[in-house]
Each structure stands twice: as C-alpha cells, then as structure tokens.
Amino acid sequence: MKRFTYAAASDVAAAVGWGGKGAFIAGGTNLLDLMKEGVARPEHVMDINALALHDIEPSESGGLMLGALARNAATAHHPLVQEQYPLLSAAILSGASPQIRNMATDGGNLLQRTRCYYFYDTGTPCNKRQPGSGCSAIGNLARQHAILGASTECIATHPSDMCVALAALDAVVHVESLGGRRSIPFLEFHRLPGDQPDVDNTLMPGELITHIELPPAPDFVEHCAYLKIRERASYAFALVSVAAALHIDDGGRIAEARIALGGVAHKPWRLPDVERLLHGKRPDRAAFSEAGSALIAGAQAQGSALGSNAFKIPMAQRAVVRALEMAMAKHTSLLPGRAKKGQAL
C-alpha cells in the first residue's frame with residue numbers, strides 16, 4: 001500500500017476546508033479494498049466519522065433526510081424507512097453482508113466503484129483505472145457487464161442495490177464544499193461512461209455528500225418490490241436487479257409507475273418516458289411486458305462467445321415483469337432473487 005497522510009475532521013467545515021486533496025473515508029468498505037489492491041492511491045485520507053451526519057429524520061417537505069454517515073443497516077431497519085420507503089429497505093438488505101451493512105454508510109454507498117474484475121486487476125488495461133489504456137472487458141469475459149449505456153471506452157456496471165431504489169424514489173443528493181451547498185437530483189448524480197469512464201459521478205472536486213433526501217412517496221408504499229437476480233443467494237452483486245413501484249388508482253388502473261434497473265449499466269437505469277407508458281393501463285402482464293421491452297430497447301450484448309452477457313437482455317425484460325407482478329401481489333418480503341414454487345424467470 002502506498003504511504004499516505006491521515007487526518008480526522010471534527011465538523012463539515014473542517015472536512016470541506018481540506019479541499020478534497022485525497023479521499024474521504026467513513027465506513028471504508030470499498031476504499032480500503034481499492035487501496036489494498038493498488039487501484040486507489042490517495043496521498044491524503046480524511047476521516048469524517050465524527051461529523052454530525054448520522055441521523056435519519058423527517059424533512060420539512062414531509063419526506064426523509066438520510067445523513068450521509070447513517071449506516072446501511074441502520075437505514076434499512078429504521079422504522080420510518082420501513083414504514084414509508086419499504087422499497088429502499090428491501091434493496092439495502094439484498095446487498096453485501098450484515099457485517100458490511102453495519103459499517104457501510106449511505107453516502108459511501110453512492111460512491112462505491114465498479115466491481116469489474118478488470119478494474120481491480122492492475123495488471124490489465126482499464127480506462128476507468130487508467131484513462132487511455134483500453135478496456136480489457138470488451139470482447140472478453142463480460143457476464144457482469146453492461147448491456148445499456150456502454151461506450152467504446154468502458155462497459156462496467158454500477159454495483160449498488162441501494163442506488164437502484166434511490167433512483168426509483170427520485171432521491172436528491174445534498175453536497176457541500178468551499179463553494180457552498182447544492183442539491184443534485186439522483187438521476188443526474190451518476191453518469192454514463194462516454195469518453196470519461198474514470199469519472200463515475202457529477203460531484204465536483206472537494207464536494208462532500210451531507211444528506212440524501214427522500215421526497216414523500218405515500219402512493220408507492222403498498223405496491224413496491226425489489227428483485228435481485230444473482231449467481232448465488234448471498235454476498236453477490238446483481239446480474240440484473242429491479243426496483244419497481246406502482247400507484248394504483250381507485251379504478252384499479254396504474255396512476256404512476258417507477259422502474260429502475262441495476263446491474264445493466266454504468267448507473268441505475270431509469271427512463272421516465274417508459275414509466276409513462278403504463279399510466280392509465282391495467283396492471284397486467286401485457287402492460288408490464290411492454291414496459292420491460294421498452295426499458296431495455298437498444299440493449300447490446302458484450303463479451304466473447306464463452307463470456308457473453310447476451311443472456312442479460314431477456315433476463316432484464318423478464319425481471320421487470322416479475323418485479324412489477326411482485327409489487328402488485330405485495331410480495332415485498334419475497335427474498336431477492338428467489339422465485340416462488342412453480343414461478344420461472
């Protein structure tokens with residue numbers, strides 16, 4: 001590991017006054033792995049665990065404010081999250097392991113980097129790790145890689161489960177820096193790789209995430225589900241995941257829909273125009289299938305003949321249908337990635 005200097009901030013002003021010349025650390029569940037592997041090599045590390053950003057409280061708008069340092073486990077099990085945002089609770093509990101969720105922070109979850117094996121292998125070219133060196137995943141083993149929004153520079157995917165639910169819930173990320181405070185709509189926080197795959201998000205240098213705001217979402221409490229399809233039932237990243245929520249009107253039709261995909265792109269994949277296709281329709285398999293097909297329109301398989309992720313295209317379409325059916329059936333407690341007896345993906 002490269003030598004680095006360490007300091008601890010006592011308040012937000014001290015943290016942002018540092019100027020961001022290095023890396024912030026809280027739970028460290030991703031950063032420390034990256035440093036040990038030689039992928040991240042910060043010269044300075046600023047510990048922010050002492051900042052007063054651990055609380056989860058109602059917001060002035062009637063939603064919820066998640067402190068950036070609230071632990072994932074505390075968030076998932078918080079009574080207000082479970083009552084008002086069960087979709088978020090289910091998504092968090094489907095990720096990582098209990099030990100990691102106890103350490104990982106909500107703000108850090110947004111900033112975790114891809115788990116692309118070529119990104120972690122410093123002996124192979126990777127544009128995300130070293131811009132201009134090439135992408136080793138393209139044309140090779142790419143089962144875990146993107147089918148949507150990829151570029152000729154990078155086909156990595158974002159690994160978070162929590163972020164998929166936050167995208168569906170229209171969360172807002174609040175940040176602070178020497179330049180002041182600003183709010184970033186969640187759909188604008190992460191970015192597609194384009195020709196800058198090393199840039200994961202729209203944070204400016206020195207900006208610190210302070211809170212994640214959840215707007216009121218009472219209409220999505222009753223009918224929501226998080227579905228995660230993965231290669232094993234525990235401690236595995238998604239091949240495809242879906243955060244689905246429906247608002248059903250008094251006539252039994254869809255008044256509003258939210259659908260976000262994980263495991264398929266460089267960021268959580270959500271298309272509001274596709275969601276509007278469901279408005280006014282009966283919540284049945286035909287409508288859900290139409291939405292699923294529209295959501296993955298333009299998807300492209302990656303990888304070699306032996307390592308192709310072509311299977312993810314039909315899997316994603318079917319996962320959307322299944323997640324929406326789970327939401328209608330109120331099966332929010334169904335274990336992620338587990339089908340009921342007789343139910344096929």
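Quick notes
- Unmet criterion (only one of (1) in a strand (DSSP E or B); (2) of a type in the set (F, W, Y); (3) loosely packed, with under 14 Cβ neighbours inside 10 Å) for Y235: (1)
Rundown of residues vs (1) outside any helix (DSSP H, G or I); (2) among the basic types (K, R); (3) at pLDDT 95 or above, yes/no style:
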position: R282; (1), (2), (3): yes, yes, yes
position: A291; (1), (2), (3): no, no, yes
position: G298; (1), (2), (3): yes, no, yes
position: S304; (1), (2), (3): yes, no, yes
position: M315; (1), (2), (3): no, no, yes
position: A327; (1), (2), (3): no, no, yes
position: A339; (1), (2), (3): yes, no, no
position: A344; (1), (2), (3): yes, no, no
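- Scanning segment 1-29 for residues that are at negative phi, open to solvent by less than 30 Å² (accessible area, probe 1.4 Å) and part of a loop (DSSP other than H, G, I, E, B) turns up A9, A26, G27.
- Test result for Y226, open to solvent by less than 40 Å² (accessible area, probe 1.4 Å) and over 24 Å from C154 (Cβ atoms): yes
- Residues of segment 175-187 satisfying the condition of being surrounded by fewer than 21 Cβ atoms within 10 Å (Cβ to Cβ) and not in a helix (DSSP H, G or I): E176, S177, L178, G179, G180, R181, R182, S183, I184, P185
- The number of residues in segment 238-261 that are assigned to a strand (DSSP E or B) and open to solvent by 10 Å² or more (accessible area, probe 1.4 Å) comes to 5.
- Here D195 meets the list (1) farther than 22 Å from L271 by Cβ; (2) touching a helix residue (DSSP H, G or I) at 6+ places or on another chain (Cβ under 7 Å) almost entirely, failing just condition (2).
- Tallying residues that are under 27 Å from A156 (Cβ atoms) and open to solvent by 40 Å² or more (accessible area, probe 1.4 Å) within segment 61-95 yields 2.
- Candidates M162, M103: the one that is open to solvent by less than 40 Å² (accessible area, probe 1.4 Å) and at pLDDT 95 or above is M162.
- Matching residues, segment 111-121, being over 20 Å from G28 (Cβ atoms) and open to solvent by 50 Å² or more (accessible area, probe 1.4 Å): Y117, D121
- Figure legend. Inter-residue proximity from segment 285-304: first residues open to solvent by less than 30 Å² (accessible area, probe 1.4 Å), second residues of a type in the set (S, T, N, Q) and at pLDDT below 95, beta-carbon distance below 6 Å, spacing 6+ or different chains. No pairs are indicated.
- In segment 30-57, the residue that is least open to solvent (accessible area, probe 1.4 Å) out of those that are touching a strand residue (DSSP E or B) at 6+ places or on another chain (Cβ under 6 Å), outside any loop (DSSP other than H, G, I, E, B) and not aliphatic (A, V, I, L, M) is D47.
- Being touching a Cys at 6+ places or on another chain (Cβ under 8 Å) and either without any contact (Cβ under 8 Å) to a residue 60 or more places away in the chain or not charged (D, E, K, R) (or both) is a description that applies to S136.
- Pairs where the first residue, in segment 166-180, is within 13 Å of L66 (Cα to Cα) and touching a residue at least 12 places away in the same chain (Cβ under 8 Å) and the second is buried (at least 18 other Cβ atoms within 10 Å of the Cβ) and hydroxyl-bearing (S, T, Y), C-beta under 6 Å, 6+ apart: H174/T210
- If you go through segment 126-136 and keep only what is surrounded by fewer than 23 Cβ atoms within 10 Å (Cβ to Cβ), polar (S, T, N, Q) and closer than 26 Å to E207 by Cα, you end up with just Q130.
This table checks each residue for (1) open to solvent by less than 50 Å² (accessible area, probe 1.4 Å); (2) acidic (D, E); (3) assigned to a loop (DSSP other than H, G, I, E, B); (4) out of contact with any Pro (no Cβ under 8 Å at 6 or more places or on another chain).
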| position | (1), (2), (3), (4) |
| --- | --- |
| N109 | yes, no, no, yes |
| T124 | yes, no, yes, yes |
| I138 | no, no, yes, yes |
| H145 | yes, no, yes, yes |
| H158 | yes, no, yes, no |
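- Conditions (1) more than 21 Å from K330 (Cβ to Cβ); (2) over 23 Å from the mean Cα position of the chain (by Cα); number of the one not met by G263: (2)
The values are calculated or read from the model by the stated rules, or taken from the named source; none is laboratory data. The shown structure was predicted, so the numbers you read here are calculated from the model rather than taken from an experiment. So basically every Cβ, Gly included, is an ideal-geometry build from the backbone, and we count neighbours across all protein chains shown. Ligands, DNA and RNA are excluded from the accessible area calculation, which covers all protein heavy atoms including side chains. Shrake-Rupley method; radii C 1.70, N 1.55, O 1.52, S 1.80 Å.
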